Amino acid sequence: MTYLPPRDAFYASIAAGTWPDISPFTPVPLNPGLFDPGLHWWQFDLLEQVAALMRAGYRRVLLQCPTGGGKTVMALSALLSARRQDLLAMFLVHRKELLKQTGQRFTSAALDHSFVAAGFPYDPAAGLLLGGVQTLVKRLDSMLPPVLVIVDECHHAVSNTYAEILERWPDAFILGLTATPERLDGRGLNEHFDVMVLGPPPRWLIDNGYLSDYDYYAPEIPDFAGIDPDRNREAAANVLREPRLIGSVVDHYLQLGRGEQGIVFAQNRAHSRDLEAAFLDRGIRAMHVDGDTPQDRRDYFDDAFRDGYIRIGLNVGLFGEGYDVPGISYLGIDAATKSLVNFLQWCGRVLRFVPGKRAVICDHAGNALPPLLGGRGLGLPDDDRDWSMLGRGAGKPVTEKDWTTITQCMECFRIYPSAAPCCPGCAANRPAQPRMTRQQEGQLRKLEREMLQQQLIQRRKQEEAEVRTFDEMVSLALARGHKKPVGWARIQCRLRRIPIVSKKGYLR
């Protein structure tokens, strides 16, 4: 067994260049020799990295791994290691639905546990506690300090509730788990964790049979001009509810989802209930649930959905994180967002591996498409992303590099990486699938790379043609992120015979 002194004394000893003479020592809960031998090799490797960092003195370690990559499985091994050393451990979740789901996983893994959550049994003598943060924060005074705390979906750990819990146990080892290690506004988690271990990229997991592959479709892009969909859900929902702007979610589900079980994310509750009615009118068993739905109705939905009786589950953000129903293969995104965290969590609901499954994602809000064409610029769910403890930063502009990997087939409407030589769905040259012809509704349309680039070029040319002064040209260059905006503006103004005169001091 490896031991370390409490965190503050340990850091002080490093600064002084000596090992502190402090007792008692705190045991390191992760021991690779005690992990579950059933882990995949790469899961074992990730946990081994976490264990090494904890032995080196890092108390708060963040483990990033894509949705469906087995974070819960790795958490079970970490908890198993702690319990085999007779160390008190705790697993934290932020939603009541996840308590039941995670408790079932603990039971399947033969991990004896109790709960710290309203409506669940509590045994103060239990060595492993599964806690809901809203209840736990009210019972901190009666809790023994754990040696290991695992925080599920730890990008929520920036909230005051989590902070109060974790600060109560400064010498505990904290293991944060998330697929998206940043806040909803793009800022990092460096204030809450010491170091991060990165898991494999989603495309590697797909190619090696650990996640299901998918087909991504996008409709005509709704016009959200002047609307921030994350801050003004009602206004965004009003746009999405106009049938002339987007095709029927139900029609697209029947055409592309082909009746498979799935989840639909709506912009707000009224929008979700409208969609529920539309599915029911077409004879599809669908049900809307939200945070205000009575618990017995939520329990009924969970059981009926997992049994397959309910085919479509509609919600706003209730199923965005951690909700695990591997068999679902259809995702309808009828909510606009600028949050990469929300977007990837939504997509992750349908990528969990089931043999023979190929997921279908219908994005009715253009979240994947570039901002210059009216989308949110979030890319595809399996794009490589450079996660950082510092985050992307709030309001960071999307560059051309962020969207040039996206192609949409002109024949079957599928979106796929531009590196592919042809459409993976129809090989590009095969006869086109029939288009929808309803006059007042938007249609899934083709955004072949060449057409997308032509549209972008035309829009850029139009922007440049509207410029009348050198200062306006420099401002345009700055908005586009040019490294040398003044030099670029000089060239463009010479070509257009615009006087190179600046009233803003750009020529100093």
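Quick notes on this one:
- Of all residue pairs spaced 6 or more apart or on separate chains, those with beta-carbon atoms under 6 Å, a first member in the range 102-120 that is at negative phi and a second member that is assigned to a loop (DSSP other than H, G, I, E, B) and among the aromatic types (Phe, Trp, Tyr) are Ser114/Tyr122; Phe115/Tyr122.
- Residue that is farthest from the chain's Cα centre (by Cα) [pool: residues in the range 73-111 that are among the polar types (S, T, N, Q) and surrounded by fewer than 20 Cβ atoms within 10 Å (Cβ to Cβ)]: Gln85
- Test: residue in the range 19-31 that is modelled with pLDDT under 95 and part of a helix (DSSP H, G or I): no
- The residues of the range 178-192 that are within 12 Å of the chain's Cα centre (by Cα) and either free of Cβ contacts under 8 Å to residues at least 24 places away in the same chain or surrounded by 17 or more Cβ atoms within 10 Å (Cβ to Cβ) (or both), listed by number, are Thr178, Ala179, Thr180, Pro181, Glu182, Arg183, Leu184.
- Qualifying residues in the range 255-267 (those that are out of contact with any Cys (no Cβ under 7 Å at 6 or more places or on another chain) and surrounded by fewer than 21 Cβ atoms within 10 Å (Cβ to Cβ)) - the one nearest to Leu318 (Cα to Cα): Gln261
- Restricting the range 159-179 to residues that are among the charged types (D, E, K, R) and out of contact with any Leu (no Cβ under 7 Å at 6 or more places or on another chain), the residue that is nearest to Gln345 (Cα to Cα): Glu164
- Extreme residue, modelled with the highest pLDDT, among residues of the range 240-254 that are farther than 21 Å from Gly308 by Cβ and surrounded by fewer than 20 Cβ atoms within 10 Å (Cβ to Cβ): Asp251
- If you check Gly377, Gly313, Gly366 for being of a type in the set (Gly, Ala, Ser), outside the structural domain of Cys154 (by TED's automatic domain parsing), part of a strand (DSSP E or B) and at pLDDT 80 or above, only one passes: Gly313.
- Taken over the range 83-115, residues that are among the small types (Gly, Ala, Ser) and not in a loop (DSSP other than H, G, I, E, B) amount to 4.
- Residue in the range 227-236 that is surrounded by fewer than 17 Cβ atoms within 10 Å (Cβ to Cβ), modelled with pLDDT under 90 and assigned to a helix (DSSP H, G or I) present: yes
- Subset of the range 452-505 that is within 37 Å of the chain's Cα centre (by Cα) and not in a helix (DSSP H, G or I) - its residue that is farthest from Ala368 (Cα to Cα): Lys484
- Taking the criterion of being over 29 Å from Lys71 (Cβ atoms) and among the acidic types (Asp, Glu), the only residue of the range 293-323 that qualifies is Asp296.
- For the residues Ala419, Ala432, Ala394, Ala428, the requirement of being at pLDDT below 65, outside any strand (DSSP E or B) and closer than 26 Å to Leu63 by Cβ singles out Ala394.
- Gly356 being part of a loop (DSSP other than H, G, I, E, B), modelled with pLDDT of 90 or more and small (Gly, Ala, Ser): yes
- Flag for Leu211 being outside the structural domain of Asp86 (by TED's automatic domain parsing) and among the aliphatic types (A, V, I, L, M): yes
The values are calculated or read from the model by the stated rules, or taken from the named source; none is laboratory data. What you see is a predicted model; the values in this text were computed from it and never measured. Note that we place each Cβ from the backbone using ideal geometry, even for glycine, and neighbour counts take in every protein chain shown.
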